[in-house]
Amino acid sequence: MVSRTVCYKDEEMKIESVPEKINMTLANKVTLARIILVPVFIVFTVPDAIWTRFVAASIFVLACATDPLDGYFARSRSEVSVLGTFLDPLADKLLTMSAFIVLVKYQIVAAWMAIIIVGREVTITGLRAIVSQQMGAVIPANRWGKIKTLVQMVGGSILLFMIPSSQYSPEVSLRLPPVANLIMCVILAATVWSGWVYVKECMDYFRNT
C-alpha cells in the first residue's frame, strides 16, 4: 500500500492509501483523454490548410473543457488519488505548452514567450517531482496555478480560432497582432507570477521539514 500527503499552504490533507496497482477512476480516465487529445491536436496543425486549423482549435477547446470535469468527478465521487494529483497538472501542461509552440509555428507568438512558458512548466514539474520523491508529499495546484491555467487556455483558444478566421476576414487579420500581444502579456504575467508562488511554497516546505 502507498500513502501520500497532499500539502496545501495552510493545511494538510491525507490521501487514502492506495494499492500499488493503479486504480483507474473516472476522473483519471478523463485526464488521460485530455492527454490523448494533445497529439491529435498537434497532427491537425501540421497541414497548412484553414479547415485543419479550425479543427485543431476545436480539439484544443474540447481538451480544455475536460479540465474542470476530472476535478469535479474526483471530488463528487470521493476518488481523489495520487495518480490524479500528478496527471491533472501534467495534462494541462502538455496541452498548453503544445498550443504555444504551435502559435510560434504560426508566427503569432514570439519564440521567447513560448520559452518562458515552457521553462516555467518544466521547472515547476521538476520541483513537484523532487518534493514527491524526497518528502513523500504531493503539492497540488494552488489558486494562482489554476488562474494561470485558465488564462492560458482561454487565451490560447482565442488565438487559435483567430488565426484561421483571419484568412476570411480582413478585420480579424488587422486586429490579430495587437490582440495577440495583449493576450500574451496577460498570459506571461500569470505564468511568471504563479511560477514564483510555487517556487516560494516549495522553498518554504523544504525549510520547514
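The values are calculated or read from the model by the stated rules, or taken from the named source; none is laboratory data. Here the structure is a predicted model, which is why all the values come from computation and not from measurement. All Cβ positions, glycine included, derive from the backbone under ideal geometry; neighbour counts span all protein chains shown.
Couple of notes before you dig in:
- Listed here are the helices (runs of 4 or more DSSP H) enclosed by the stretch 60-143 that have at least 3 residues being within 26 Å of Asn181 (Cβ to Cβ) and without any contact (Cβ under 8 Å) to a residue 60 or more places away in the chain: 82-105, 111-135.
- Pairs with Cβ under 6 Å, 6+ apart, first in the stretch 164-180 and among the hydrophobic types (A, V, I, L, M, F, W, C), second at pLDDT 90 or above and outside any helix (DSSP H, G or I): Val172/Ser166; Leu176/Ser166; Ala180/Ile108
- Output for the stretch 36-53, where each listed residue is crowded, with 17+ Cβ neighbours inside 10 Å and over 12 Å from Val102 (Cβ atoms): Leu37
- Condition check for Asp88: buried (at least 17 other Cβ atoms within 10 Å of the Cβ) and either modelled with pLDDT of 90 or more or among the polar types (S, T, N, Q) (or both): no
- Flag if Leu174 is in a helix (DSSP H, G or I) and either among the small types (Gly, Ala, Ser) or surrounded by 14 or more Cβ atoms within 10 Å (Cβ to Cβ) (or both): no
- The set of residues in the stretch 37-50 that are of a type in the set (A, V, I, L, M, F, W, C) and modelled with pLDDT of 95 or more comprises Leu37, Val38, Val40, Phe41, Ile42, Val43, Phe44.
- Out of Trp193, Trp144, Trp112, one residue alone is aromatic (Phe, Trp, Tyr), over 21 Å from Ile50 (Cβ atoms) and out of contact with any helix residue (DSSP H, G or I) (no Cβ under 9 Å at 6 or more places or on another chain). It is Trp112.
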